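Beneath this line is the structure, given in structure tokens, with notes to follow.
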Amino acid sequence: MKTGQEDARSMASIMLRSTAMLLTLAAQLAPSANAGAKPVDGSRIANADTEPGNWLTYGRTYSEQRYSPLATINDENAHNLGLAWFADLDTNRAQEATPLVIDGTLYISTAWSLVKAYEVRTGRLIWAYDPQVRRELGVNACCDVGNRGVAAWNRKIFVGAYDGRLIALDAATGVPVWSTQTVDTGKPYTITQAPRVINGRVIIGNSGGEYGTRGYISAYDAESGKLAWRFFTVPGDPSKPFENEAMARAAKTWSGEWWKLGGGGPVWDAISYDPKLNLLYFGVGNGTQWARSARSAGKGDNLYLASIVALHADTGQYAWHYQATPGEEWDFDAVQQLVLADLRINGKVRQVLMQANKNGFFYVLDRKSGALLSAKAIVPVTWASGIDLKSGRPIENQEARYSETGKAIDVKPGPLGAHNWQPMAFNPKTGLVYIPAQQVPIRFIPLPSLPIAPIGWNLGVALASVPSPIEGFLLAWDPARQREAWRVTYKGPWNGGVVTTAGNIVAQGDAAGNFNVYRATDGEKLWSLFAQSGIIGGPSTFEAGGEQYIAVLSGWGGSFALSGGKASAVSGNLRNVSRLLVFKLGGTAVLPPLTPRPFVINPPPEPSDTASVARGEPLYVQYCSACHGEHALGGGVIPDLRASNFLGSDFFYNIVLDGALKDAGMASFKSALSRDDAAAIRNFVIHQANQTAPN
């Protein structure tokens, strides 16, 4: 005889299967995308400047410059911009994708890896695809469940699903063509990265640097989904044969038993490609745990963490690497955009790769050899005083190595970085790079050795906000001279990606909910529209019917919005209103008024068990803060626990321990927390709610 709970689960399972069948049927019956579209191939992407009306890949070209030769919208008429059309999205988490536009059809991915296709001039929805990612897997994300975009090749659209699948869809109908699981589903891997397609192979990495995974990047055949090659970023168990010489060399830079934690090193964002050199470039993330003392017995450079790596694109064999932060322990992932360009440096044209790294330095490398050409700080940096150009290594402040000193230290920049994943852009006409820059200092507090948690973050260090101004700004940087050209200051950090054009404009959304256009040469604001929600994704621009358009997604979220708590409010907007927004000259569409969103904190009485409150704080930090905010002060995306109706009810335990809300994204923590642990967390949240509730 089934219990009521079993009946509910069975009904939920039937409903999910039925929904998936209906979505597939709807996709099959939906009107097709532009039947006259040409297949996307390497020649089209490599020669994207010959068809500037399209946006064929994540950064428009393999070089990832995010520069468009279009100039219909320019610095003289940008003040006439308006909203052409918009589309409401059916997910209310971080919207991080850059729209692709191919022969009259616009393709986006949204939170939870959904994919949609629209007619570019009218906004008519052509098809929608839902990969049915289990919402309870959201606990495996360090930084929200966004998706940064899709890739196109030979009449297919590819998306990396959050649960680790790489999925190929028919570009005309959205019907799945094939699906490949790219990760071990028994480990907390995720994918938020936009795929790229190179020489008929789909390139994809994964996330999970805080969760005990081993990072890698893979290439899959675009027609069949078959694995072509894989390159691991950190070495595995040294008692077993290494996959290649690169891993054998890397193992010499590690100590202890790192492989038992996985090592980390996820490839979760940047990928670029040079067709002439046939080299694929990507950035590598942080290690597991953050503290090198916990990860590698406090020793070694730990290759290839926090590195830029070049591979031979056809084989996945190692070509070269540059490690930006040796022995990294501040979460300085090196996964920010890798922009390829030809720069005149000291009178000589050099083929370069550029990156505004999380660690605060702007790097210019020779993209053929990986040799460091220059590196300068773009924000105040306290963990290092500079970069030694002879060795390529940072000149470290040894006091910043908290795991060696055992002392708390305030570090600039903090783990959010001087520049995070939000894409920068390079304009070859101005010679400037436009960077979504920021400064959010963090205090690193050493911890005693802790057992590895089966769910949630494993950092090996505690974090605390620093009572210091936090900043966000659009920075125009001269990469040849390594100096600032101009900046635009925002209310706070976590502002959107950038696009720049031959019309001498730079377009960027901000965290306060505005979409802005600036003159590329001097930063003068030319136009702005309130979009009602923070914008963090990167815009694209395209042409249709003789008109130029700019498209961007709105939708607040990501790591700062989730874990920042009260600090994220400084950026000016704590609403998620997820939409696709499309602008053109003379656009007349109007957004509907925002609906009121009441927020009432009416907590249960202050707990009398002060010891339980004290015990609950570190448990909250380890298991809850990544999503529900520092000190239980919500950031506007995930429900604010201080206002929860369940704080005074034992149903709190059903949620936290039994997964009663797993289909809404709240996983069960039963594998990590006892009922006493959950009670301590509840008491801590009730205490915090009483501290902030109105008298």
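Each value in this text was obtained by applying a stated rule to the coordinates, not by laboratory testing. The model shown is predicted, which means the values in this text are computed figures rather than measured ones. Cβ placement follows ideal geometry from the backbone for every residue including glycine, while neighbour counts extend to all protein chains displayed.
Ranked by the mean number of other Cβ atoms within 10 Å per residue, highest first, peptides 318-327, 91-100 order as 91-100, 318-327. Size estimate for segment 208-352 follows the Kirkwood approach: the inverse of mean 1/r over distinct Cα pairs works out to 15.7 Å.
Ordering of 492-505, 367-380 by packing is 492-505, 367-380, highest average first (other Cβ atoms within 10 Å, averaged per residue). With θ taken as phi - 60° and the Karplus curve 6.51 cos²θ - 1.76 cosθ + 1.60 applied, the whole-hertz 3J(HN,Hα) list for segment 340-356 is 9, 7, 9, 10, 8, 10, 6, x, 10, 6, 10, 7, 10, 10, 10, 8, 8 Hz, x standing for glycine and proline.
When E245, E119, E64, E606 are sorted by how many other C-beta atoms sit within 10 angstrom of their C-beta, beginning with the fewest, the order is E245, E606, E119, E64.
Which lysines have a Cα less than 30 Å from the Cα of K187, not counting those fewer than 8 places away in the same chain? Result set, ordered by chain and number: K116, K156, K226, K240, K252, K260, K299, K358, K662, K670.
Span-like helix criteria (full DSSP H runs; alpha carbon extent of at least 30 Å along the helix axis; mean Kyte-Doolittle hydropathy of at least -1.0) are satisfied in the chain by 4-29.
For trypsin sites (Lys or Arg not before Pro), the sites in segment 291-354 that DSSP calls loop and that have at most 15 other Cβ atoms within 10 Å are K299. Here the peptides 506-512, 597-603, 672-678 are ranked by packing, the mean other Cβ count within 10 Å, and the order with the highest first is 506-512, 672-678, 597-603. Here N654 and N34 are evaluated by their C-beta separation; at R0 = 60 Å the FRET efficiency comes out at 0.75. Here, segment 598-692 is characterised by an Rg to Rh ratio of 0.92, where Rg is the alpha-carbon radius of gyration and Rh the Kirkwood radius. Cβ crowding within 10 Å ranks E51, E257 as E257, E51, fewest other Cβ atoms first.
Restricting the calculation to Cα atoms, segment 539-621 shows an Rg/Rh of 1.21 when the hydrodynamic-style radius is the Kirkwood one.
Annotation: amide H of L81 within the under-5 Å range of G586, sequence separation 5 or more or interchain, hydrogens built in the peptide plane.
Over segment 354-473, what portion of Cα pair distances is larger than 22 Å, expressed as a whole percent? Result for the distance tail: 45 percent. Computed 3J(HN,Hα) for segment 554-563, one whole-Hz value per residue from the Karplus formula 6.51 cos²θ - 1.76 cosθ + 1.60 where θ = phi - 60°, is 9, x, 5, x, x, 4, 5, 5, 7, 8, glycine and proline marked x.
Sequentially through segment 484-499, phi angles give Karplus couplings (6.51, -1.76, 1.60; θ = phi - 60°) of 6, 9, 6, 8, 10, 8, 9, 5, x, x, 6, 8, x, x, 10, 10 Hz, Gly and Pro residues having no value and appearing as x. Since only N516, G456, L343 are under comparison, the one whose Cα sits farthest along the positive direction of the charge dipole of the chain, derived from C-beta charges on Lys, Arg, Asp and Glu, is L343. Computed on the Cα trace of the chain, the radius of gyration divided by the Kirkwood hydrodynamic radius gives Rg/Rh = 0.95. Near R350, the amide H atoms lying under 5 Å from its own belong to L343, R344, I345; only residues 5 or more places off or on other chains count, and H is placed 1.01 Å from N.
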